[in-house]
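Please treat every number below as a calculation from the coordinates, not as lab data. These numbers were taken from a predicted model, which means no experiment stands behind them. Heads up, the Cβs are rebuilt from the backbone with ideal geometry, glycines too, and the neighbour counts pull from every protein chain shown.
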């Protein structure tokens, strides 16, 4: 009898564990799941370019499998060749100093400098403009084909027929087929899993006829705010110097103080023809119908051996098989809801795109490694949307690669805080690898990037089975961030509370001079300081009394008429159109954040429903829809969560290649892709304290979901 009772108890324990575990009972066929969303391209479509990459470097191609027609794609998703480490600055003959960008503000009883964009003409404005665009990210150059017809004229896109291109996600390889005057051309393209290197193979009878050659073109940087980073009209401003080392060709590049080398090695000897300055043609000498070559962009003279095509291809295949086989997975096959297949497609392609564009050693720019936005600089408030999903999908190593950058800019963040009369570190907003601030009349006053590093550190603590190393590894960043956060609020003696002021909210619609107590920032301050205290306890340290004083007396979320206001300083939040645009960040209080101890769920639900009905959703951004889905999930509205992911505004568009499209300026927007992955992980695996299975998935019987290896959201 005792044995039967024990067996029954063990069965119940096992059943409970399986129902709440991170691995579902049914095993997912990952290869089938991934490959059913391979991207297929059948035409020259400027919004359907495809990329290969490794997180540090990416290479984007047109329908030929290389960068043959960059002009056709310039105003779509450009054919970029970018890396995390390739940057350039224009000369500064006027000797502008960063201090010339400062304006002084008094937010805490003392005047302090903030680097801003000056509107008045003069040296201050010129200095601010220079520092905004310098340094900027480099586009290395275009590698494509020069194809000629029988009569010797150059082929243009209209001459190319029979296009059949496929990105094979399981292997990370692009296979391209097309025809020129009825003769087929087949191209294989992939990226090295660690190096800034592209390998390609072209097969065609046109090679024997010398009608297919390799074209390499180098531009000077444009320094544009949002463009392909290419100035093709200034050949006199840069140098390209060829250098042969046996069978390897090195093309040395000099652009002011920036230098790099393109090293090229093929499976057969080739001629180098300088067609014009910075434009070279590689012509294989052998009369074969196949040519293979690798193209390595390096800061110095690479002297290592470039492996053969077959070996590199196998390495690429193994890398991507490993990527897809580890980490989380969600399978919606068998669902009858018509949105299921499209959601699955967006999830798979977003995993691929964020892996090749956002998993590098620095926080990524919003357009990744494809083309420049905001001069190629990255925005730390967006790092949460780029990176959190890596932890939730159990690929913590891809998040941690960029977290280490915060240590390298720690001292600069410390200086910023000190100049503004705060303790600890004030993390930059719009910045670059060196950690310099970019002058901004918005970014200099944002604060919601501050707790991100605490959030990331907490995800690392939760995600690893051995906790102590994570506590030691990140405690310096966590504690210095908390020191700033505790010193930042201003004490209101009359009301005996701490007030957040002198800020621009995540919803960038309020002036820093008059804004105080925005709800998302208050909630994030409460969560961040509370979590930092927990880290002290875990390390056997006493709680920090200064932090605790702020936690205990931080202002409450302002409300009126049963709704949480967008700011205590804006009681007309929901009657003024201006305040009903941009990010509905109040939803992040109980969505992106747990809102523990500070949120009234009923007031939050009223606020959610009001925003759902009244917000100007056409004036939002790609991550606002996942933000809304997360809030709906915590509020127990799974149908609304799913609806949020499929809202109709243009900024919630997902292109054939998986990119989240915003507008004519931002044709790709990776925070939308990353946000989608975080939201879906939460909708499926849940969050701390949830009590139902898959809290964000509708319970109407139309969704069949298998999932594996996802982490809960805090």
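Spacing of the modelled spin labels on residue 663 and residue 181, each 7 Å from Cα toward Cβ, amounts to 4.7 nm.
By counting other Cβ atoms within 10 Å of each Cβ, how are 102, 590, 491, 352 ranked from fewest to most?
On the way: 102 20, 590 29, 491 14, 352 24.
Exposure proxy ranking, most exposed first: 491, 102, 352, 590.
Peptide packing: for 416-424, 63-71, 678-686, 275-283, the average count of neighbouring Cβ atoms within 10 Å per residue gives the ranking 678-686, 63-71, 416-424, 275-283, highest mean first. Against the main long axis of the alpha-carbon atoms of the chain, helix 2-20 sits at an angle near 70°.
On a 0 to 90 degree scale, rounded to 10, what angle separates helix 601-614 from the longest Cα axis of the chain? In the chain, helix 601-614 runs at an angle near 50 degrees to the longest axis. The helix-only estimate of mean residue ellipticity at 222 nm for the chain, built from DSSP H runs of length n ≥ 4 each weighted as -39500 (n - 2.57), is -9500 deg cm²/dmol after division by the residue total.
For segment 614-714, what is the per residue volume of the convex hull drawn over the alpha-carbon atoms, in cubic angstrom?
Details: hull volume 11.9 nm³, N = 101.
Per-residue hull volume (Cα only) is 118 Å³.
What shape does segment 110-241 take by its C-alpha gyration tensor, where a ≥ b ≥ c are the square roots of the eigenvalues and a/c under 1.5 counts as rounded, a/b above b/c as prolate, and the rest as oblate? Walk me through the numbers on the way to the answer.
Numbers: a/c = 3.18, a/b = 2.22, b/c = 1.43.
Because a/c hits 1.5 or more and a/b exceeds b/c, segment 110-241 counts as prolate.
How high is the relative contact order of segment 268-401, in percent, with contacts defined as C-alpha pairs under 8 Å that are six or more residues apart?
On the way: 95 pairs, mean separation 20.4, N = 134.
Relative contact order of segment 268-401: 15 percent.
Starting from the Cα gyration tensor of segment 314-381, take the square roots of the eigenvalues, sort them a ≥ b ≥ c, and report rounded, prolate or oblate (rounded when a/c is under 1.5, otherwise prolate if a/b is larger than b/c, else oblate). Present the calculation step by step, with values, prior to reporting the outcome.
Working: a/c = 2.85, a/b = 1.48, b/c = 1.92.
Note, shape of segment 314-381 comes out oblate.
For a test of the definition: using alpha carbon positions, the gyration tensor, and the 1.5 limit on a/c, classify segment 191-231 as rounded, prolate or oblate. Numbers along the way, then the final one.
Numbers: a/c = 3.93, a/b = 1.68, b/c = 2.34.
The shape class here is oblate.
If contacts are Cα pairs under 8 angstrom and at least 6 residues apart, what is the relative contact order of segment 552-619 in percent? Intermediate results must be reported in sequence, preceding the final value.
Values: 52 pairs, mean separation 23.1, N = 68.
Taking the mean separation of contacting Cα pairs over the length of segment 552-619, I get 34 percent.
According to the Kirkwood relation over distinct C-alpha pairs, the hydrodynamic radius of segment 263-349 is 17.5 Å. For the chain, the relative contact order is 14 percent, taking Cα pairs closer than 8 Å that sit 6 or more residues apart in sequence and dividing their mean separation by the residue count.
Computing mean projected area of the Cα convex hull in nm² for the structure here picks out one of (i) 45.7; (ii) 30.4; (iii) 35.2, namely (iii).
Helix 519-538 axis versus longest C-alpha principal axis of the chain: approximately 90°, rounded to the nearest ten.
The alpha carbon centroids of segment 635-714 and segment 87-102 are separated by 42 Å. With neighbour counts taken as other beta-carbon atoms within 10 Å, the residues 306, 163 rank, fewest first, as 163, 306.
Taking the convex hull of the alpha carbon atoms in segment 186-256, what volume per residue do you get, in Å³? Can you show the working numbers first?
Numbers: hull volume 12.5 nm³, N = 71.
With only Cα atoms used, segment 186-256 gives 176 Å³ per residue.
Segment 32-75 and segment 130-194 have Cα centres lying 8 Å from one another.
Mind sorting 426, 132 by how few other Cβ atoms lie within 10 Å of their own Cβ, fewest first? Please list the in-between numbers first.
Values: 426 27, 132 22.
Sorted ascending by nearby Cβ count, the order is 132, 426.
Dividing the Cα radius of gyration by the Kirkwood radius, what Rg/Rh value follows for segment 250-406? Walk me through the intermediate numbers first.
Values: Rg = 20.5 Å, Rh = 19.4 Å.
On the Cα set of segment 250-406, Rg over Rh gives 1.05.
Would you mind computing the Rg to Rh ratio of segment 481-605 from its alpha-carbon coordinates, Kirkwood style for Rh? Rounded to two decimals, Rg over Rh is 0.98. Over segment 407-528, the hull volume per residue, using the convex hull of the C-alpha atoms, is 120 Å³.
For the peptides 144-155, 634-645, what is the packing order when you average, over each peptide's residues, the other Cβ atoms within 10 Å and list the highest mean first?
Details: 144-155: 14.8, 634-645: 21.2.
Ranked from most to least packed, the peptides come out as 634-645, 144-155.
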